[in-house]
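Asker: Below is a structure I'd like to ask you about.
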Amino acid sequence: MAKGKTNAMRMLDAQKVDYELITYDNQDGKIDGVSVAAKIGKDPEAVYKTLVAQGHSKQIYVFIIPVAEELDLKKAAKAAGEKKVEMIPVKDIQKLTGYIRGGCSPVGMKKQYPSFVDAKAAGLDLIIVSGGKIGMQMELKAEELQKAIGAELADLIK
């Protein structure tokens, strides 16, 4: 099991945001969001994945959507006020965020990029996102996540 605090946890601690750390076994290599939701016994509707994209302007954006859903790039571009956005290559995730694929938290990235949470989160009390390491998830109040990263709600999914 992964131990120690991640940047995501340190940032929430610094902002005095309450969160619950949830760990799971990733030895089987199943680290996709739907598998993780099943492993931690949570409804996939409350477990969100963090996607990193780049706009036509070259600005980096972060989109946080339910794990079982797919990002609609047109809706994402509209939310970001861009002509279009494209997912960044997996190889660039760590360079841009400080996190690796499968352990990319929307909190505590190298830089605070403009972030958008899917509008479905408005109906949630608690949201679960990556804790910043594969094998770690954080559960916190959805509105506190938005506040912590300055995210806007937007319609983002297909």
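Quick note: the coordinates plus some simple rules give every number you see, no bench work behind them. Model, not experiment: these values are computed from the prediction.
Asker: Can you tell me how the stretch 105-156 classifies by the Cα gyration tensor, rounded, prolate or oblate, using a/c under 1.5 as the rounded cut?
Answerer: Details: a/c = 1.89, a/b = 1.20, b/c = 1.58.
Because a/c hits 1.5 or more and a/b fails to exceed b/c, the stretch 105-156 counts as oblate.
Asker: Same structure, new question: Relative contact order (percent) for the stretch 7-154, with alpha-carbon contacts under 8 angstrom and 6 or more residues of separation?
Answerer: 29 percent
Asker: Would you calculate a helix-derived [θ] at 222 nm for the chain, using -39,500 (n - 2.57) for each DSSP H run of n ≥ 4 and dividing by the full residue count, to the nearest 500?
Answerer: It comes out at -6500 deg cm²/dmol, rounded to the nearest 500.
Asker: What is the chain by shape, rounded, prolate or oblate, if you read a ≥ b ≥ c off the alpha carbon gyration tensor as root eigenvalues and call it rounded for a/c under 1.5, prolate for a/b larger than b/c, and oblate otherwise?
Answerer: Cα axes put the chain in the rounded bin.
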